[in-house]
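Undergrad: I'd like to ask you about the structure that follows.
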Amino acid sequence: MKNISLLNIKKIAAAAALSAVMCAAFCEDSVLAKADSYREYSPGGFSFDFSVTEQSSKSVMRVFLDAQSRDTSLVIYKEPKKYRRRVVLTIKNAFYVHDSGMSSAIRITPREMLFGQASAGDITRIAYSGMYSIESSEESDGVLVLHLKAEKDRGATYDYVDLSVEPETCRPVEAVCKGSGGVPIKVIAYTDFAHIGGKELVTGLMITDSKSNKTSSVVLSGFSTETYPSSSFSVEEMKYVR
């Protein structure tokens with residue numbers, strides 16, 4: 001009897017431990033999804049302006065997200081004028097750019113700079129969920145830090161990200177973006193928020209290069225549910241987008 005009771009106790013303890021692990025993982029995923037929601041204006045397709053300022057230079061791009069896929073987007077340059085025919089296309093883990101004078105689009109990497117400290121991935125990627133897995137989490141200095149690792153072939157811009165969020169609201173505070181060796185590449189601070197369309201959204205970022213300490217300030221504005229039809233989000237059609 002004693003052996004049976006002890007076995008049952010061990011089973012119960014093991015089940016409780018497994019349940020706790022599963023609950024923790026679920027809670028972490030929920031936190032990540034909530035943090036992502038501060039970048040998502042609409043569950044369908046939408047668009048917004050991405051304005052980058054570094055010192056006295058400024059660039060404005062219009063970002064269009066496909067209604068059918070969060071990892072498919074088009075970026076159209078608005079300012080400065082000399083770049084107005086430049087278009088960047090993202091399809092899953094592939095990035096392409098087409099500019100005036102080019103007969104066809106060329107492939108680029110998500111870390112290539114489009115302006116200032118903002119890379120192609122910084123501009124087009126609005127969510128961590130689906131591209132990163134949560135390796136661990138911890139509370140530090142009043143924030144919850146999620147240690148993220150890029151999922152293979154999901155189009156993640158960085159190999160690792162330490163994402164800090166407010167524990168109660170899950171509002172993103174800071175993202176330390178790292179390379180394959182875990183060395184910081186840049187730090188993205190979430191500086192401004194505003195209530196737009198009935199929800200709270202990120203409207204300001206500060207991107208700092210970890211090596212040079214150069215910074216770029218980013219303003220997100222002009223949110224709209226207008227976007228291009230899904231047929232426009234292709235390498236063949238991107239050259240005709242205006």
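Undergrad: Here is a list of conditions, (1) among the β-branched types (V, I, T); (2) within 27 Å of V88 (Cβ to Cβ); (3) part of a strand (DSSP E or B), and V145 meets all of them except one; can you say which number that is?
TA: Of the numbered conditions (1) among the β-branched types (V, I, T); (2) within 27 Å of V88 (Cβ to Cβ); (3) part of a strand (DSSP E or B), the odd one out for V145 is (2).
Undergrad: Give the number of residues within region 87-128 that are free of Cβ contacts under 8 Å to residues at least 24 places away in the same chain and open to solvent by less than 50 Å² (accessible area, probe 1.4 Å).
TA: 3
Undergrad: For region 112-142, how many residues meet the condition of being out of contact with any helix residue (DSSP H, G or I) (no Cβ under 7 Å at 6 or more places or on another chain) and in a strand (DSSP E or B)?
TA: 11
Undergrad: Within the bounds of region 219-238, is there any residue that is farther than 18 Å from R39 by Cα, part of a strand (DSSP E or B), of a type in the set (D, E) and open to solvent by 60 Å² or more (accessible area, probe 1.4 Å)?
TA: At the first step, the residues of region 219-238 found to be farther than 18 Å from R39 by Cα are 228-238.
Now restrict to residues that are part of a strand (DSSP E or B): none.
No, there is no match, as no residue in region 219-238 is farther than 18 Å from R39 by Cα, part of a strand (DSSP E or B), of a type in the set (D, E) and open to solvent by 60 Å² or more (accessible area, probe 1.4 Å).
Undergrad: Would you confirm, using the coordinates I've provided, whether R171 is at pLDDT 95 or above, under 27 Å from S59 (Cβ atoms) and among the basic types (K, R)? Quick ask: steps written out before the conclusion?
TA: Working: at pLDDT 95 or above: yes; under 27 Å from S59 (Cβ atoms): yes; among the basic types (K, R): yes.
So R171 fits the description; yes.
Undergrad: Sticking with this structure for a sec: Can you say whether V165 is among the hydrophobic types (A, V, I, L, M, F, W, C) and free of Cβ contacts under 8 Å to residues at least 60 places away in the same chain, as far as the supplied structure shows? Quick ask: steps written out before the conclusion?
TA: Numbers: among the hydrophobic types (A, V, I, L, M, F, W, C): yes; free of Cβ contacts under 8 Å to residues at least 60 places away in the same chain: no.
Criteria not met by V165.
Undergrad: May I ask you to verify whether A16 is open to solvent by 40 Å² or more (accessible area, probe 1.4 Å), part of a helix (DSSP H, G or I), modelled with pLDDT under 90 and of a type in the set (A, V, I, L, M, F, W, C)? Show your work before the answer.
TA: On the way: open to solvent by 40 Å² or more (accessible area, probe 1.4 Å): yes; part of a helix (DSSP H, G or I): yes; modelled with pLDDT under 90: yes; of a type in the set (A, V, I, L, M, F, W, C): yes.
Yes; evaluated as a whole, the condition is true for this residue.
Undergrad: Would you check which residues across region 149-189 are of a type in the set (S, T, N, Q) and open to solvent by less than 60 Å² (accessible area, probe 1.4 Å) and list them? First the steps, then the outcome.
TA: The initial filter retains those residues of region 149-189 that are of a type in the set (S, T, N, Q), namely 157, 164, 169, 180.
T157, S164, T169, listed by residue number.
Undergrad: Next up: Out of all the residues in region 138-147, which are over 15 Å from the mean Cα position of the chain (by Cα) and open to solvent by less than 50 Å² (accessible area, probe 1.4 Å)?
TA: S140, V143, L144, V145
The values are calculated or read from the model by the stated rules, or taken from the named source; none is laboratory data. In this text, all values refer to a predicted model and were calculated from it rather than measured experimentally. All Cβ positions, glycine included, derive from the backbone under ideal geometry; neighbour counts span all protein chains shown. When the accessible area is computed, the model is the full protein with side chains, heavy atoms only, and any ligands, DNA or RNA have been set aside. Shrake-Rupley method; radii C 1.70, N 1.55, O 1.52, S 1.80 Å.
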